[in-house]
Amino acid sequence: YQRGLSSGASARLVVEYARMLLESGDRAGAAAQLAALERMEPATLATQMLRGDLQIARQDFAAALTVFNQAAKDHPRRVEPLLGTATALALQGRKQEAQTAVDSAAALKASDGRVIAMQVQLAAETGNWAKVRDVLQPVEGTLAPTSVENLTYAEALLRLGQAEQARSRFARAHLAAPGNPYARLMLAAALLETGDAAGALAKVRPLADSVLAGERELSLAEAAGQASGATALAQGYQARLGDTGLKARQAVAAAADSAFARGDWAKAVAAYRQLPGHDRDPEVLRRLALACAHGGQTAAAIGYADQ
């Protein structure tokens, strides 16, 4: 990108470079590119959307809404400003208002994949599984096994009593991405619902045995253990569910995962190290290795990877 820009600034190149920087967590770098873009094309939709997305990254949602509302007025036939508005509203917990914005986008272009994704996200967040199914059913044959939409669709089927169809979708997702914990967890839930308690226990145990395990993993493991006759295992999971320190450990794990997701490597490492038994848990060690590698701690990264 820098070589390209040095040979002559192109608005499209600036936008793409700024978005790459924004997605990698470099808000200052993205802001510098936005400033250059505003000198070139201050009123285009691409400039407005980048400006709004940068405000979202800064968690200045009021400013982001102002930008997206102006963009919607300037470009009334485009869905992007409406989706930006919906994102900013949803991040503030204003789900009903976000839904209104998405409905307006759907009225413009219901077949747009970005509109469908936002419809599904909001419906899943509010527990409207029937809507998730209704939105995705017409395109179910096109969904990639490990896509967010396919996994959400499969969960909707499971919650709406179509366990066998859900099991089939989660099985394909797990086969394609065996390291995806959500696909593994939901496959276990679907197996339990379809009567394969032993299979469910085998799938959920790697998650339930981890120090990262929360109530969902432990509850499912306990139910699968009871149903499959593995009483001792079930009792062990039940005891962990009753542990008074469980919620505190979940909070630490959530903080670590959040820091990891936003690229705050130092905070992620510090948080993962607070988890009791982190040095004996393969998944936590894997995340520590990755966080240290991204944070420039090469020797520590190699040590965690070796462990």
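For segment 265-278, state whether one or more residues are farther than 27 Å from residue 201 by Cβ, open to solvent by 50 Å² or more (accessible area, probe 1.4 Å), charged (D, E, K, R) and assigned to a helix (DSSP H, G or I). There is at least one residue in segment 265-278 that is farther than 27 Å from residue 201 by Cβ, open to solvent by 50 Å² or more (accessible area, probe 1.4 Å), charged (D, E, K, R) and assigned to a helix (DSSP H, G or I). Looking only at segment 213-225, which residues are open to solvent by 40 Å² or more (accessible area, probe 1.4 Å) and of a type in the set (Asp, Glu)? 215, 217, listed by residue number. Out of curiosity, is residue 255 open to solvent by 30 Å² or more (accessible area, probe 1.4 Å), under 19 Å from the mean Cα position of the chain (by Cα) and hydrophobic (A, V, I, L, M, F, W, C)? Against the criterion (open to solvent by 30 Å² or more (accessible area, probe 1.4 Å), under 19 Å from the mean Cα position of the chain (by Cα) and hydrophobic (A, V, I, L, M, F, W, C)), residue 255 qualifies. List pairs: first in segment 49-61 and open to solvent by less than 60 Å² (accessible area, probe 1.4 Å), second polar (S, T, N, Q) and in a helix (DSSP H, G or I), Cβ under 7 Å, 6+ apart or cross-chain? Close Cβ pairs (under 7 Å, with a partner that is polar (S, T, N, Q) and in a helix (DSSP H, G or I)) amount to 56/87. Does residue 120 satisfy the condition of being in a helix (DSSP H, G or I), more than 22 Å from residue 24 (Cβ to Cβ) and in contact with a helix residue (DSSP H, G or I) (Cβ under 8 Å, 6 or more places away or on another chain)? Taking the combined requirement at face value, the residue satisfies it. With respect to the conditions (1) assigned to a helix (DSSP H, G or I); (2) of a type in the set (Ser, Thr, Tyr); (3) buried (at least 16 other Cβ atoms within 10 Å of the Cβ), residue 210 falls short on a single one, namely (1). Residue 192 passes every criterion in (1) in a helix (DSSP H, G or I); (2) open to solvent by 60 Å² or more (accessible area, probe 1.4 Å) apart from (2). Entry remark, segment 195-204: residues being closer than 18 Å to residue 175 by Cβ and either open to solvent by 40 Å² or more (accessible area, probe 1.4 Å) or among the aliphatic types (A, V, I, L, M) (or both) number 5 in total. Taking the condition crowded, with 16+ Cβ neighbours inside 10 Å, at negative phi, β-branched (Val, Ile, Thr) and free of Cβ contacts under 8 Å to residues at least 40 places away in the same chain, does residue 139 pass? It is false that residue 139 is crowded, with 16+ Cβ neighbours inside 10 Å, at negative phi, β-branched (Val, Ile, Thr) and free of Cβ contacts under 8 Å to residues at least 40 places away in the same chain.
The values are calculated or read from the model by the stated rules, or taken from the named source; none is laboratory data. What you see is a predicted model; the values in this text were computed from it and never measured. Please note: Cβ atoms are built from the backbone with ideal geometry, for glycine as well, and neighbour counts cover all protein chains shown. Please note that ligands, DNA and RNA were not included when accessible areas were found on the heavy atoms of the full protein model with its side chains. Shrake-Rupley method; radii C 1.70, N 1.55, O 1.52, S 1.80 Å.
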